[in-house]
């Protein structure tokens, strides 16, 4: 469950989704996709606004690095399959 207003912590920076996306090197669509898949659970106000915190930005950076690493490894699969079929 996403954090409620009282759980954000005093002094914590809050960012719009576009700023959070820019800072993390992603885009708003990716952040929304991460949220839909349950990979991010950002705080959501009663009116539906999502103020991203420094914590959700750190989580997003970790996700982006993990996804890049996974994509790199998956790109090697076709060559490995071809090699095993030919060898």
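Bear in mind that the values in this text are calculations on the coordinates, not laboratory data. Owing to the predicted nature of the structure, the values given are computational and were not obtained by experimental measurement. Glycine also receives a Cβ, built like all others from the backbone with ideal geometry; neighbour counts cover every protein chain displayed.
Here are some notes:
- Sorted by Cβ density within 10 Å, fewest first, the residues 63, 14: 14, 63
- Here the Kirkwood formula, the inverse mean of 1/r across different C-alpha pairs, assigns the stretch 13-86 a hydrodynamic radius of 13.8 Å.
- Extension gain for the segment residue 86 to residue 29, taken as residue separation times 0.36 nm less the Cα-Cα distance, is 16.5 nm to one decimal.
- The order of 52, 43, going from fewest to most other C-beta atoms within 10 Å of their C-beta, is 43, 52.
- Residue order, fewest to most surrounding Cβ atoms within 10 angstrom, among 67, 17, 81: 81, 67, 17
- Burial ranking of peptide ranges 72-78, 45-51 (average Cβ count within 10 Å, highest at the top): 45-51, 72-78
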